[in-house]
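Down below is the structure, laid out as structure tokens.
The values are calculated or read from the model by the stated rules, or taken from the named source; none is laboratory data. Predicted, not measured: the structure shown is a model, and the values here were computed from it. When we count neighbours, we look across all protein chains shown, and the Cβ atoms used for this are built from the backbone with ideal geometry, even at glycine. What goes into the accessible areas is simple: the full protein's heavy atoms, side chains included, and nothing from ligands, DNA or RNA. Shrake-Rupley method; radii C 1.70, N 1.55, O 1.52, S 1.80 Å.
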Amino acid sequence: RSRMRSYLESAEFCPAGRTLYAAGAKGKFKVSMSNCYILPSPEDNLESIFRSNGEIARIFSYGGGIGINISNLRPKGSEVKNVARTSTGAVSFMKIFNVTGEVISQNGRRGAMMVGLNCSHPDIYEFLHIKQAEEKLSSMNISILFTDEFMQAVKEDKEYTLKFHVKSTGED
């Protein structure tokens with residue numbers, strides 16, 4: 001214990017804000033010990049997407065932030081085998097995650113979220129421009145996940161093909 005105290009006092013080690021806050025809580029309330037959690041990418045089905053949303057809600061309720069990659073979710077217009085017939089796309093689920101961040105209060109502040117999408121995903125243009133449209137995604141930042149293949153195409157001024165394979169329907 002004294003060794004840890006000396007590290008803190010000498011500024012050789014300084015834990016993140018959430019860690020210090022949780023340590024100060026001394027078990028009086030439930031609080032996150034980490035500033036941010038990277039969640040597994042949801043699978044391309046409603047159960048997995050809403051399971052991820054539940055995890056987001058729980059982490060936010062304890063004061064943590066999250067990062068999540070939505071690249072596994074099929075693009076807009078892809079076939080689905082339910083009443084809708086076509087998917088609303090990966091980007092549409094960002095709205096649900098965002099509302100969760102707005103609803104779950106963290107002592108007066110919204111939950112913090114980073115959402116990523118692979119640069120090869122067919123919904124990338126919509127993803128890139130979502131904050132320029134009327135959409136207000138106040139709880140999240142967005143990040144395009146670039147590949148070496150994409151960067152090489154840029155460097156060589158070549159065409160780059162967006163692609164996605166839907167496992168459940170075989171659609172490309």
Which of Asp123, Asp157, Asp44 moves most in a GNM of the chain, Cα contacts under 10 Å? Asp157
Per residue, how much accessible area does region 26-142 show when a 1.4 Å probe rolls over the protein heavy atoms, in square angstrom? 54
Interchain or sequence-distant (5+) residues whose placed amide H lies within less than 5 Å of the amide H of Asn69 are Ser41, Gly116
Sort Met94, Met33 by heavy-atom solvent-accessible area, probe 1.4 angstrom, most to least. Met33, Met94
Using the Karplus curve 6.51 cos²θ - 1.76 cosθ + 1.60 with θ = phi - 60°, what ³J(HN,Hα) values do you get for each residue of region 81-97, in whole Hz, with x for Gly and Pro? 9, 8, 4, 5, 6, 9, 7, 7, x, 4, 4, 4, 6, 4, 5, 5, 4
Can you run phi through the Karplus equation (6.51, -1.76, 1.60; θ = phi - 60°) for region 139-147 and list ³J(HN,Hα) in whole Hz, with x for Gly and Pro? 8, 9, 10, 10, 9, 8, 9, 7, 10
What's the carbon and sulfur percent of the chain's accessible surface, probe 1.4 angstrom, rounded to a whole number? 54
For the chain, what is the mean residue ellipticity at 222 nm derived from helices alone (per DSSP H run of n ≥ 4: -39500 (n - 2.57); sum divided by total residues; nearest 500 deg cm²/dmol)? -10000 deg cm²/dmol
Kindly state, to the nearest 0.05, the FRET efficiency for Ala153 paired with Ile38, given R0 = 25 Å and r defined as their beta-carbon distance. 0.35
Using alpha carbon centers only, region 1-62 is separated from region 81-121 by a whole-angstrom value of 21
For region 36-45, in residue order, the Karplus 3J(HN,Hα) values (coefficients 6.51, -1.76, 1.60; θ = phi - 60°; whole Hz; Gly and Pro = x) are 8, 10, 8, 8, x, 5, x, 6, 7, 7
First check a/c for region 10-67, with a ≥ b ≥ c the square roots of the eigenvalues of its C-alpha gyration tensor; if it is under 1.5, answer rounded, and if not, answer prolate when a/b is larger than b/c or oblate otherwise. oblate
The chain: D in µm²/s via Stokes-Einstein (Kirkwood Rh, Cα pairs, 37 °C, 0.692 mPa s)? 179
List the residues, sorted by chain then number, that are 5 or more residues from Ser32 or on another chain and whose placed amide H is less than 5 Å from its amide H. Gly63, Gly64
Descending accessible area (1.4 Å probe), largest on the left, turns His165, His129, His121 into His165, His129, His121
Give the angle, between 0 and 90 degrees and rounded to the nearest 10, that separates the Cα long axis of helix 46-61 from the longest principal axis of the Cα atoms of the chain. 20
